[in-house]
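Input: a single structure, listed below in structure tokens.
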Amino acid sequence: MRRPATITIAGLVACALAAGCSDGPAPVAVEPSSAFDNGGDTGTTAPTDDAPTDPEGDAPGTGSQFAMGSSARLEVRGDVDEDVRLDHVQQPTILMEPPGGLGMTWSDPDINNLMTIAGVSFTGARDTDPTTILTLVLTPKGGNETVTFVSNAGECTITLDALSTSAARGTLVCRHLSERSGNRTVDLAGSFSVQT
């Protein structure tokens with residue numbers, strides 16, 4: 001299963017770099033490979049209006065709770081309701097100072113849950129677009145299906161608090177992020193870090 005994730009990361013970064021460096025027409029949105037297709041229609045429920053936060057109102061994992069190392073902590077609320085901990089970094093990891101490439105993927109040990117941030121590198125806050133893409137693949141607890149969410153049209157704001165060629169850390173917030181099939185919608189908040 002690691003091979004599709006690696007191919008997806010490399011493809012996302014290559015496409016985002018090409019789009020960010022060309023003078024040609026507007027970039028085309030990149031979708032994850034068919035390896036992440038959920039293959040089924042499971043219906044929907046109404047999305048929530050409030051993105052998840054911790055009791056102090058901050059994004060989860062910020063401040064004194066922020067874990068250094070390589071990990072991602074996510075609170076997913078809506079049609080999928082999960083607290084996700086991703087402690088494994090998939091390779092390749094691409095960390096280049098702006099204007100360069102960015103490719104980071106975290107997973108759980110069995111690669112049932114996976115998050116990728118890929119595209120053109122930046123610091124500070126940036127909304128997702130065709131050159132900054134967030135992909136979230138989840139296997140909800142107790143389920144056999146996989147659901148894939150892709151943000152490349154402003155559904156998510158990613159904040160990179162720190163970025164170097166050997167480490168990155170930041171937070172993210174997504175509102176009304178739709179599954180590829182359009183059947184489910186979630187809000188998402190989290191923190192992430194990676195060290196190479």
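The values are calculated or read from the model by the stated rules, or taken from the named source; none is laboratory data. Keep in mind it's a predicted model, so treat the numbers as computed, not measured. As a convention, Cβ positions derive from the backbone with ideal geometry for all residues, glycine included, and neighbour counts pool all protein chains shown. Please note that ligands, DNA and RNA were not included when accessible areas were found on the heavy atoms of the full protein model with its side chains. Shrake-Rupley method; radii C 1.70, N 1.55, O 1.52, S 1.80 Å.
Considering (1) within 13 Å of the chain's Cα centre (by Cα); (2) part of a strand (DSSP E or B), say which one Ala125 fails and leave the rest.
The number of the failed condition is (1).
Of the residues in the stretch 129-140, how many are assigned to a loop (DSSP other than H, G, I, E, B) and closer than 17 Å to Ser191 by Cβ?
Selection size over the stretch 129-140: 0.
Quickly run through the stretch 95-123 and pick out the residues that are among the hydrophobic types (A, V, I, L, M, F, W, C), open to solvent by 10 Å² or more (accessible area, probe 1.4 Å) and within 15 Å of Thr157 (Cα to Cα).
Val120, Phe122
If you check Thr146, Thr139, Thr105, which single one turns out to be among the hydroxyl-bearing types (Ser, Thr, Tyr) and either in contact with a His (Cβ under 7 Å, 6 or more places away or on another chain) or modelled with pLDDT of 95 or more (or both)?
None of the other options fit; the residue is Thr105.
Which of the residues belonging to the stretch 85-94 are open to solvent by less than 60 Å² (accessible area, probe 1.4 Å) and of a type in the set (S, T, N, Q)?
Gln90, Thr93
Has the stretch 68-77 got any residue that is at pLDDT below 50 and out of contact with any Cys (no Cβ under 8 Å at 6 or more places or on another chain)?
Yes, there is a match, as at least one residue in the stretch 68-77 is at pLDDT below 50 and out of contact with any Cys (no Cβ under 8 Å at 6 or more places or on another chain).
In the stretch 144-196, which residues are open to solvent by less than 10 Å² (accessible area, probe 1.4 Å) and of a type in the set (Gly, Ala, Ser)?
Ser151, Ala168, Gly170, Ala189, Gly190, Ser191, Ser193
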